[in-house]
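The values are calculated or read from the model by the stated rules, or taken from the named source; none is laboratory data. Values in this document were obtained by computation on a predicted structure and should not be read as measured data. With ideal geometry, Cβ positions are generated from the backbone for all residues, glycine too; neighbour counts draw on all protein chains shown.
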Amino acid sequence: MSTPLSRIRNFSIVAHIDHGKSTLADRLIQLTGTVAERDMKEQMLDAMDIERERGITIKANTVRIEYPAKDGQTYILNLIDTPGHVDFAYEVSRSMRAVEGSLLVVDATQGVEAQTLANVYTAIDANHEIVPVLNKIDLPAAEPERVKEQIEDVIGIDASEACLISAKTGIGIPDVLEAIVKRLPPPHSGDPDAPLKAMLVDSWYDSYLGVVVLVRIMDGTLRKGDNIRMMRTGGKYGVDKLAVLKPAMTDVKELGPGEIGVFTGSIKQVRDTRVGDTITHDKRPADKALPGFKPSVPVVFCGLFPVDANEFEDLRDAIEKLALNDASFTYEMETSAALGFGFRCGFLGLLHLEVVRDRLEREYDIDLITTAPSVVYHLFLKDGTQLELHNPADMPDLSTVDHIEEPRIKATILVPDEYLGDVLKLCQDRRGIQLDLTYAGPRAMVVYDLPLNEVVFDFYDRLKSVTKGYASFDYQMEGYREDNLVKMQVLVNDEPVDALSMMVHRDRAEMRGRAMCEKLKDLIPRHMFKIPIQAAIGGKVIARETLSALRKDVTAKCYGGDATRKKKLLEKQKAGKKKMRQFGKVEIPQEAFISALKMDS
Amino acid sequence: MAEDWRQAGFALYVHWPFCEAKCPYCDFNSHVARSIDQARWARALASEVRRVARETPGRVLNSVFFGGGTPSLMDPESVAAVLEASRENWVWANDIEVTLEANPRSVEAARFDGYARAGVNRVSLGVQALRDDELRRLGRLHGVDEAKRAFGVARSVFDRVSFDLIYARQDQSLTAWEAELREALDMAVDHLSLYQLTIEQGTAFWDRQRAGGLRGLPDEDLAADMYDLTNEICAEADMQAYEVSNHARPGAESRHNLIYWRYGDWVGVGPGAHGRLTLDGTRWASECPAAPGAWLSRVENTGQAEDRTALSPQDIVNERIMMGLRLTEGVDMEFFEAQPILNMRAASLVEDGLMWCRDGRAGATVAGRLLLNRVIGELLVD
């Protein structure tokens with residue numbers, strides 16, 4: 001028998017990075033004895049190294065907690081730990097639709113951050129009941145009263161009954177469990193005998209089980225052995241294994257309305273499963289799929305090349321394997337004179353890009369060069385055709401282009417007043433259009449319409465540096481707008497370096513060109529001749545630096561006793577040259593590309 | 001090829017590893033010891049000389065060089081004992097050059113007669129600078145006047161005298177160096193080693209630079225200007241550069257060092273000494289343990305301090321390039337012609353004005369010599 005709805009609570013946790021979401025999840029798991037003490041490790045739910053290291057959640061994770069409440073009943077609490085980043089906004093919105101309530105965790109020493117805002121609004125959109133939780137109240141810098149006020153001012157929800165906790169020490173955790181049972185609603189409705197309607201919340205690849213699918217049952221009952229169908233993709237599978245996550249997989253015979261669990265069914269690739277899809281029975285299907293399905297679309301592209309050209313095949317294998325597990329990531333082969341063979345890859349955003357790159361480097365041990373991230377431009381040609389431009393290298397001749405549109409975002413920035421002027425200046429410099437400016441306690445909240453292209457450049461770094469790290473930032477895509485965009489090329493010793501080409505706004509081209517030339521002047525080692533470094537649009541040079549010729553590189557002393565050592569030194573120097581890329585007579589070290597293309601993290 | 005060394009000559013290098021104090025710029029194998037058993041060290045050095053000489057009997061020895069450390073801390077008797085050992089199985093060339101490195105101090109000048117009687121005929125003095133404040137900065141224990149007096153004594157005792165100067169020092173201007181160099185040339189020398197200060201790993205200067213100190217060292221442009229000016233002034237004084245950092249009147253070149261650069265054979269004895277020795281057509285690189293105690297105990301316990309490694313044909317080619325291109329005279333063209341790839345690369349360097357090629361020889365131009373590490377880098381074979 002499935003659990004009655006009244007004894008189920010499904011919830012998620014909304015929090016900014018570092019505000020203690022994963023630690024709180026750990027405490028809930030620990031206090032209810034869901035995981036034996038000896039199996040506990042920090043941040044139980046963040047399974048990937050990168051997640052644990054950066055304290056962020058990338059994949060949605062789930063745990064089923066059995067909680068004997070003070071009213072004498074045992075409740076099933078399903079926690080879906082959602083990704084907290086805008087790159088995964090769609091995944092977040094799906095996860096939110098799978099639960100009925102949220103804990104809003106705010107660091108009592110820091111207050112509300114921009115990311116929290118975006119996710120809490122997603123939760124409100126999903127009609128969640130929200131329980132505010134102030135964490136880190138054990139710290140001397142905690143200001144629970146001020147933060148409560150801020151939550152009420154900025155978010156507009158009642159914070160008077162917020163739970164005061166310290167996830168680190170365990171203070172207040174029992175209150176949180178009681179609040180989940182008392183203040184969050186049970187699943188609204190659901191008929192166990194209706195045709196099956198289950199939302200695909202997430203899926204991942206497990207090397208033993210194959211693809212594992214996380215579902216929330218809305219209507220009907222899912223049983224082991226059922227034949228199911230994905231309503232959007234049309235895929236049909238038999239349910240081989242049905243389980244709940246505690247967080248270890250525990251087999252169950254069936255899942256009824258309101259319940260959350262996983263199944264496997266010889267699905268070959270994660271690609272075959274789409275977050276937000278509706279799962280139903282093949283024989284007795286639901287008449288309508290759940291609303292709100294959107295296929296994921298990459299918005300940021302960059303080239304990934306192996307530092308060692310011999311690792312290209314390894315990179316191909318790694319990318320293919322990774323793509324099996326990540327439907328939102330796209331790739332196609334690319335060749336570059338500068339960097340050799342590699343892949344042009346599409347990502348949901350910059351964090352997604354970084355995560356994929358980190359995983360390739362770490363899990364597959366491949367050193368990568370990442371080219372400048374580029375957004376997707378819409379090209380309108382004079383002959384009436386429309387193109388999507390993912391790579392500046394593919395830019396057609398300007399004379400054939402009628403106009404170009406670029407993606408814009410709506411950015412929300414929370415910043416202490418003393419840095420407001422700097423933030424406004426930064427946004428204006430980046431071609432931003434101010435949409436809103438309000439105050440929330442001691443902080444200003446600015447909303448800007450910005451070109452995504454300016455944000456992928458080094459916006460985070462600049463924002464961090466002008467606000468000494470006190471600003472928080474989040475964004476959402478806002479659509480496309482026409483602007484005066486051009487392709488800027490970089491020439492080293494009169495040879496174009498394709499990997500450094502980029503799309504820029506005409507008004508900002510000189511500045512970007514100058515910055516690139518100056519950077520390269522420092523990064524390219526001096527040669528035995530002088531080297532012009534230029535930025536150009538079409539045939540017109542817009543910035544120029546000259547790297548002067550090396551004058552002196554000679555060892556003062558070399559006698560009989562030095563022969564062995566100096567020879568080794570020179571041979572090492574020669575071996576180092578092999579890692580350089582040749583452009584005409586100029587050798588550019590791999591690191592120069594990496595640094596010249598370095599994006600903010 | 002196998003017997004190439006004969007053209008360049010055969011030399012013996014003797015390393016005396018002890019100093020009274022470490023200089024902050026020096027990365028040579030030198031150690032400060034409280035007391036040294038001179039007789040024991042002389043026995044060990046002589047026994048090493050004998051051991052190699054027995055393997056190569058009858059070779060004509062063109063040069064002996066006592067380097068260090070500070071070999072002018074050796075008793076003249078110790079020097080004599082090593083030299084005697086070298087005559088037992090080797091034949092001294094009629095014009096053999098026997099050099100000893102010396103500190104230009106009065107204590108040491110007092111021993112010059114003894115060295116001359118032992119057979120030393122050339123000294124190389126570590127003068128390093130002709131400015132008292134600069135000598136202090138370089139951690140030297142002598143002053144300018146004392147150095148000049150020691151130089152005078154050396155001139156009267158030995159046939160040939162050279163001295164070293166270090167330039168491109170902290171806060172040194174081009175004109176200041178010019179004045180100092182002209183003073184040096186006025187001292188009636190026939191050989192000068194002029195080194196640009198190099199901050200080597202493992203020295204006190206290195207650490208100080210890493211810690212943000214040692215400011216005011218010349219930038220690359222000033223250093224290059226100083227080098228060019230040095231060559232000009234020395235050439236005017238008939239003291240042409242015959243090697244990157246060495247200047248001599250014609251005929252006064254260091255024969256010992258020429259054997260290295262012309263890639264002859266040399267035997268290295270003493271802690272940390274390296275050698276190159278051709279035996280039955282194989283060219284060997286030899287190396288001794290650097291720590292004085294370790295070296296001494298190996299000699300005394302096993303009768304052999306050195307380890308030998310056979311050099312590959314590529315090693316030999318690369319070493320010849322590295323050593324030979326340091327010389328103004330360059331290397332024999334036949335050497336390049338024997339290696340088609342090298343010949344091609346050399347031709348491109350000639351085109352770029354970094355190498356010259358004439359009269360059956362090839363070498364680095366003045367511009368090429370300033371960039372010698374790069375030029376050699378282009379030529380090294382795998």
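Of the conditions (1) more than 14 Å from every other protein chain (Cβ to nearest Cβ); (2) modelled with pLDDT of 95 or more, B:ASP190 satisfies every one except a single condition; which number is it?
All conditions are met except number (2).
Checking A:LEU379 against (1) out of contact with any strand residue (DSSP E or B) (no Cβ under 6 Å at 6 or more places or on another chain); (2) at pLDDT 85 or above, which test does it fail?
(1)
Quickly run through the range B:142-192 and pick out the residues that are basic (Lys, Arg) and in a loop (DSSP other than H, G, I, E, B). Working first, answer last.
The first filter runs over the range B:142-192 and keeps only residues basic (Lys, Arg), leaving B:148-149, B:155, B:160, B:169, B:182.
Across the range B:142-192, the qualifying residue is only B:ARG169.
Select, from B:VAL98, B:VAL127, B:VAL107, B:VAL123, the only residue that is among the β-branched types (Val, Ile, Thr) and in a helix (DSSP H, G or I). Spell out how you get there, then give the answer.
On the way: B:VAL98 fails: in a helix (DSSP H, G or I); B:VAL127 fails: in a helix (DSSP H, G or I); B:VAL123 fails: in a helix (DSSP H, G or I).
Answer to the check: B:VAL107.
Identify, from the list B:VAL299, B:VAL350, the residue that is in contact with a strand residue (DSSP E or B) (Cβ under 7 Å, 6 or more places away or on another chain) and in a helix (DSSP H, G or I). It would help to see each step written out before you state the result.
Working: B:VAL299 fails: in contact with a strand residue (DSSP E or B) (Cβ under 7 Å, 6 or more places away or on another chain).
None of the others qualify; the one that does is B:VAL350.
Checking B:LEU141 against (1) within 21 Å of the chain's Cα centre (by Cα); (2) modelled with pLDDT under 95; (3) of a type outside the set (Gly, Ala, Ser), which test does it fail?
(1)
Just the residues that are crowded, with 17+ Cβ neighbours inside 10 Å and acidic (Asp, Glu), please, taken from the range A:473-494.
Selection gives A:ASP474, A:ASP483.
Rundown of residues vs (1) under 30 Å from A:VAL252 (Cβ atoms); (2) of a type outside the set (D, E, K, R); (3) surrounded by fewer than 22 Cβ atoms within 10 Å (Cβ to Cβ); (4) modelled with pLDDT of 95 or more, yes/no style:
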{"position": "A:ASN61", "(1), (2), (3), (4)": "yes, yes, no, no"}
{"position": "A:ALA108", "(1), (2), (3), (4)": "no, yes, no, no"}
{"position": "A:ALA126", "(1), (2), (3), (4)": "yes, yes, yes, no"}
{"position": "A:VAL147", "(1), (2), (3), (4)": "no, yes, no, no"}
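Is there a residue in the range B:357-378 that is over 30 Å from B:HIS247 (Cβ atoms) and assigned to a helix (DSSP H, G or I)?
Step one: filter the range B:357-378 for residues over 30 Å from B:HIS247 (Cβ atoms), giving none.
No, there is no match, as no residue in the range B:357-378 is over 30 Å from B:HIS247 (Cβ atoms) and assigned to a helix (DSSP H, G or I).
Only residues that are part of a loop (DSSP other than H, G, I, E, B) and either of a type in the set (A, V, I, L, M, F, W, C) or surrounded by fewer than 16 Cβ atoms within 10 Å (Cβ to Cβ) (or both): list them for the range A:356-373, please. Full working, then the answer.
Within the range A:356-373, the first condition is being part of a loop (DSSP other than H, G, I, E, B), and the residues that meet it are A:364-367, A:371-373.
Listed by number, the residues that qualify are A:ASP365, A:ILE366, A:ASP367, A:ALA372.
Taking the range B:264-282, which residues are more than 9 Å from chain A (Cβ to nearest Cβ), in a loop (DSSP other than H, G, I, E, B) and under 21 Å from the mean Cα position of the chain (by Cα)? Even if it seems obvious, please write down each step before you answer.
Filtering the range B:264-282 for residues more than 9 Å from chain A (Cβ to nearest Cβ) gives B:264-265, B:267, B:269-271, B:277-282.
Among the residues that remain, those that are also in a loop (DSSP other than H, G, I, E, B) are: B:264, B:270-271, B:280-281.
Within the range B:264-282, B:GLY264, B:GLY270, B:PRO271 meet the criteria.
Just to be sure before I move on: is B:ALA285 crowded, with 19+ Cβ neighbours inside 10 Å and under 14 Å from the mean Cα position of the chain (by Cα) in the structure I sent? Spell out the reasoning first.
Details: crowded, with 19+ Cβ neighbours inside 10 Å: yes; under 14 Å from the mean Cα position of the chain (by Cα): no.
No: the conditions fail for B:ALA285.
Any chance you could count how many residues in the range B:317-350 are within 14 Å of chain A (Cβ to nearest Cβ) and free of Cβ contacts under 8 Å to residues at least 40 places away in the same chain?
Counting residues in the range B:317-350 that are within 14 Å of chain A (Cβ to nearest Cβ) and free of Cβ contacts under 8 Å to residues at least 40 places away in the same chain gives 5.
Quick check: is even one residue across the range B:200-211 more than 13 Å from every other protein chain (Cβ to nearest Cβ) and under 18 Å from B:PHE151 (Cβ atoms)?
no
Restricting to the range B:172-199, count the residues that are crowded, with 22+ Cβ neighbours inside 10 Å and either of a type in the set (Lys, Arg) or farther than 28 Å from B:ALA223 by Cβ (or both).
0
Which condition number does A:GLU405 fail, the rest of (1) more than 26 Å from A:ASP314 (Cα to Cα); (2) outside any strand (DSSP E or B); (3) not β-branched (Val, Ile, Thr) being met?
So A:GLU405 meets the others, but not (2).
Consider A:ILE319 against the criteria (1) β-branched (Val, Ile, Thr); (2) assigned to a loop (DSSP other than H, G, I, E, B); (3) farther than 21 Å from A:MET580 by Cβ; (4) at pLDDT 85 or above: it satisfies all of them except one. Which criterion is unmet?
In the conditions (1) β-branched (Val, Ile, Thr); (2) assigned to a loop (DSSP other than H, G, I, E, B); (3) farther than 21 Å from A:MET580 by Cβ; (4) at pLDDT 85 or above, A:ILE319 misses (2) alone.
Consider A:LEU463 against the criteria (1) closer than 30 Å to A:SER296 by Cα; (2) surrounded by fewer than 22 Cβ atoms within 10 Å (Cβ to Cβ): it satisfies all of them except one. Which criterion is unmet?
Condition (2) is where A:LEU463 drops out.
Go through (1) of a type in the set (A, V, I, L, M, F, W, C); (2) away from every other protein chain (no Cβ under 11 Å); (3) surrounded by 17 or more Cβ atoms within 10 Å (Cβ to Cβ) one by one and return the number of the condition B:LEU311 breaks.
(2)
Residues that are in contact (Cβ under 8 Å) with a residue 40 or more places away in the chain, of a type outside the set (Ser, Thr, Tyr), within 14 Å of chain A (Cβ to nearest Cβ) and part of a helix (DSSP H, G or I): does the range B:15-35 have at least one?
Scanning the range B:15-35 turns up no residue that is in contact (Cβ under 8 Å) with a residue 40 or more places away in the chain, of a type outside the set (Ser, Thr, Tyr), within 14 Å of chain A (Cβ to nearest Cβ) and part of a helix (DSSP H, G or I).
Identify, please: which residue in the range B:214-241 is away from chain A (no Cβ under 14 Å) and outside any helix (DSSP H, G or I) and is, among those, nearest to B:PRO24 (Cα to Cα)?
Step one: of the range B:214-241, the residues away from chain A (no Cβ under 14 Å) are B:214-216, B:232-240.
Filter once more, keeping what is outside any helix (DSSP H, G or I): B:214-216, B:237-240.
On the way: B:LEU214: 11, B:ARG215: 15, B:GLY216: 16, B:ALA237: 31, B:ASP238: 33, B:MET239: 29, B:GLN240: 30 Å.
Applying the filter and picking the extreme gives B:LEU214.
Kindly establish whether B:TYR260 is at the interface with chain A (Cβ under 9 Å from one of its Cβ atoms), modelled with pLDDT of 95 or more and farther than 25 Å from B:PRO17 by Cβ.
On the way: at the interface with chain A (Cβ under 9 Å from one of its Cβ atoms): yes; modelled with pLDDT of 95 or more: yes; farther than 25 Å from B:PRO17 by Cβ: no.
In short, no.
Consider A:GLU405 carefully, then state whether it is closer than 30 Å to A:MET445 by Cα and over 19 Å from the mean Cα position of the chain (by Cα).
Criteria met by A:GLU405.
Before we move on, is B:ILE166 farther than 30 Å from B:PHE112 by Cα, touching a helix residue (DSSP H, G or I) at 6+ places or on another chain (Cβ under 9 Å) and assigned by TED's automatic domain parsing to the domain that holds B:ASP145? Walk me through how you get there before you give the answer.
On the way: farther than 30 Å from B:PHE112 by Cα: no; touching a helix residue (DSSP H, G or I) at 6+ places or on another chain (Cβ under 9 Å): yes; assigned by TED's automatic domain parsing to the domain that holds B:ASP145: yes.
Spelling it out, it is not the case that B:ILE166 is farther than 30 Å from B:PHE112 by Cα, touching a helix residue (DSSP H, G or I) at 6+ places or on another chain (Cβ under 9 Å) and assigned by TED's automatic domain parsing to the domain that holds B:ASP145.
Is it true that B:ARG169 is of a type in the set (Lys, Arg), buried (at least 17 other Cβ atoms within 10 Å of the Cβ) and closer than 26 Å to B:SER254 by Cβ? Full working, then the answer.
Values: of a type in the set (Lys, Arg): yes; buried (at least 17 other Cβ atoms within 10 Å of the Cβ): yes; closer than 26 Å to B:SER254 by Cβ: yes.
Considered against the rule, which asks whether it is of a type in the set (Lys, Arg), buried (at least 17 other Cβ atoms within 10 Å of the Cβ) and closer than 26 Å to B:SER254 by Cβ, B:ARG169 comes out as yes.
Tell me which helices (runs of 4 or more DSSP H) are completely within the range A:500-601 and hold 2 or more residues being facing chain B (nearest Cβ under 9 Å), or say none if there are none. Working first, answer last.
On the way: elements: A:506-523, A:563-577, A:590-596.
Of the helices (runs of 4 or more DSSP H) lying wholly inside the range A:500-601, those with at least 2 residues that are facing chain B (nearest Cβ under 9 Å) span A:563-577.
Just name the residue that is surrounded by the fewest Cβ atoms within 10 Å (Cβ to Cβ) out of those in the range B:337-372 that are under 19 Å from B:GLU232 (Cα atoms) and among the β-branched types (Val, Ile, Thr).
In this case the residue turns out to be B:VAL366.
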